Amino acid sequence: MLPDRRQQILLPVRLSTIVVSFAAALLLNFLPWQNIALVPDFVALTLAFWCVRQPGLIGLGVGWVLGLLTDVGNGVLLGQHALSYSVLAFCAVTLARRILWFGLWGQTMHIAALLLLAQAVGTVVRLAAGAEFPGWTLAIGPLVGALLWPLVSVLLLAPQRRASEVDETRPI
Amino acid sequence: MEHTPPAFFNRGPAPVVRLTFFAIASLALIILDARFRYTEGLRGALALATQPFQIAAAAPAAALRRATDFFTSQSQLSTENAELRMKLAEAKLAAQRLEAAAAEGARLKALMGAAERLPAGTTPAEILYNGRDPFSRRVTVDKGTRDGVRPGSPVVDESGVVGQVTRVHALLAEVTLLTDKDQAIPVQVARNGLRAVAFGGGSSGLLELRYLAANAEIVNGDRLVTSGIDGVYPQGLPVATVTRVERDATNIFARVLCQPAAGVDRGRIVLLITPVEAPATPPQAEGAAEKGRDKAATKSRRPRAKDARAP
């Protein structure tokens with residue numbers, strides 16, 4: 001199977017796009033959601049996206065720092081999200097070339113597995129620290145997050161799709 | 001030297017090495033935090049970075065609420081209403097404590113002798129959002145160290161105890177609800193003064209009285225109030241109502257479940273009570289004892305609030 005031939009050649013990513021997307025993800029995570037079981041982890045999703053798209057730029061270090069910020073913001077065990085985001089970033093960076101080979105739905109499946117793994121790592125840490133198991137609703141958030149993957153792909157790649165100067169004669 | 005790749009291909013340590021490094025760093029932090037609580041300094045520093053996000057994230061909901069208020073009534077009225085509600089919560093709290101004191105009456109007075117209940121200051125606060133942690137039951141309120149909130153402060157609403165402040169940042173404070181699995185509160189049955197400790201029931205949303213003998217005198221519908229012996233919670237605040245008592249012959253302890261009196265997971269406005277100072281340890285030296293007695297004497301000479309209220 002060959003990668004989707006209709007793929008557009010993208011502009012190089014700007015660092016500001018990445019920073020703004022992570023800030024927006026943190027903001028979305030801290031919104032006062034009513035039922036947190038149904039809400040995906042936006043930071044994990046954005047991290048997975050940039051790890052897959054820019055594995056040379058975004059990786060474990062960024063994931064670890066974002067994890068620490070999430071831990072502090074959520075008031076949970078310090079290091080819980082840092083560990084799960086590190087694992088997530090590692091898997092996403094390792095699988096980056098493979099994931100982009102698939103179409104959007106194939107990518108969604110991969111991301112679902114990655115997000116579930118990250119959630120499982122966090123859960124194991126909390127259970128080891130003595131928390132009670134809150135039930136299988138824990139798996140809903142990552143699955144909803146994976147379903148948002150096509151949307152996130154379109155949104156976060158939009159700044160790279162624009163041509164910097166309009167040139168009618170240019171093919172792309 | 002000839003075996004190292006040219007700098008062009010150098011991409012730093014291998015991913016597995018990085019993963020090992022960050023995993024060990026995370027695990028170290030987890031252990032330091034869970035076992036030794038050594039990470040509060042780092043947490044405080046990082047909180048400075050996350051607080052703008054948290055406050056900004058809470059703003060749209062607050063703005064929406066304000067807009068709704070504006071369209072349903074005059075904005076002036078709504079602010080006044082909020083103020084009045086806070087005042088009412090304070091007044092109700094005072095009324096509850098007075099009622100509890102009257103109900104326990106002479107017996108308590110005789111038991112406690114000159115021991116005086118310390119006046120507690122209160123700070124009204126608004127719940128910004130529920131915790132994003134499915135493993136614990138916490139809320140975040142909009143008051144922090146800047147408003148004089150201290151860790152350990154009891155949190156109450158108009159009908160009873162909600163929980164306890166467990167972590168304070170500059171502008172925000174985290175409140176662990178009574179129903180959290182790791183939260184415990186010393187209580188007393190209002191009817192007969194039986195003391196017990198209520199533990200959070202986790203996801204069930206109930207409280208559980210543990211280590212209560214199977215023949216303990218407790219029945220359905222008993223009201224539980226704070227006993228005040230821990231030096232944290234003021235005495236006589238409603239905590240819960242007993243909803244189920246199971247006495248099993250095979251077990252030496254009764255299983256007692258209670259429904260929290262306060263709207264633990266409802267409501268918006270709560271009061272943070274300045275914690276009662278821990279009772280002083282018994283004086284060791286003779287001089288210290290003298291000093292303590294002097295203090296007690298000066299205290300008893302002052303007109304009591306209780307006496308003033310008596311008809």
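Every read-out reported here was derived from the displayed coordinates using simple, explicitly stated rules and does not represent laboratory data. Quantities reported herein were computed from a predicted structural model and do not represent experimental measurements. Neighbour counts run over all protein chains shown; Cβ positions are idealised from the backbone, glycine included.
A compact table of results
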item: Peptide B:24-34, shielding by other chains (average Cβ, 10 Å cutoff); result: 6
item: Listed peptides B:163-169, B:226-232, B:255-261 by packing density, highest first (mean Cβ within 10 Å); result: B:163-169, B:255-261, B:226-232
item: Peptides ranked, highest mean first, by Cβ atoms within 10 Å: ranges A:50-62, B:49-61; result: A:50-62, B:49-61
item: For residues of B:46-55, the mean tally of beta carbons on other chains within 10 Å; result: 6
item: Inter-label distance for A:E132 and B:R255, nm, one decimal - labels placed 7 Å from Cα along Cα-to-Cβ; result: 1.2
item: Amide hydrogen neighbours beyond the local backbone of B:L128, cut-off 5 Å, H modeled; result: B:T140, B:V141, B:D142
item: Amide proton proximity set for B:R210, modelled H, under 5 Å, gap of 5+; result: B:V197, B:F199
item: Per-residue ³J(HN,Hα) for region B:27-32, Karplus 6.51 cos²θ - 1.76 cosθ + 1.60, θ = phi - 60°, Hz, x for Gly and Pro; result: 5, 4, 4, 4, 5, 4
item: Whole-Hz ³J(HN,Hα) from phi, Karplus 6.51 cos²θ - 1.76 cosθ + 1.60, for region A:33-47, glycine and proline x; result: 6, 6, 10, 6, 5, 8, 8, x, 8, 5, 5, 4, 5, 5, 4
item: Compactness index (Cα Rg / 2.2 N^0.38 Å), region B:84-273; result: 1.02
item: Partner chain coverage, peptide A:131-139 - average Cβ within 10 angstrom; result: 3
item: Using θ = phi - 60° and Karplus 6.51 cos²θ - 1.76 cosθ + 1.60, couplings along region B:200-211 (whole Hz; Gly, Pro as x); result: x, x, x, 5, 6, x, 10, 10, 10, 8, 9, 6
item: Mean-position separation - Cα centroids, region A:16-62 and region B:196-240, in angstrom; result: 42
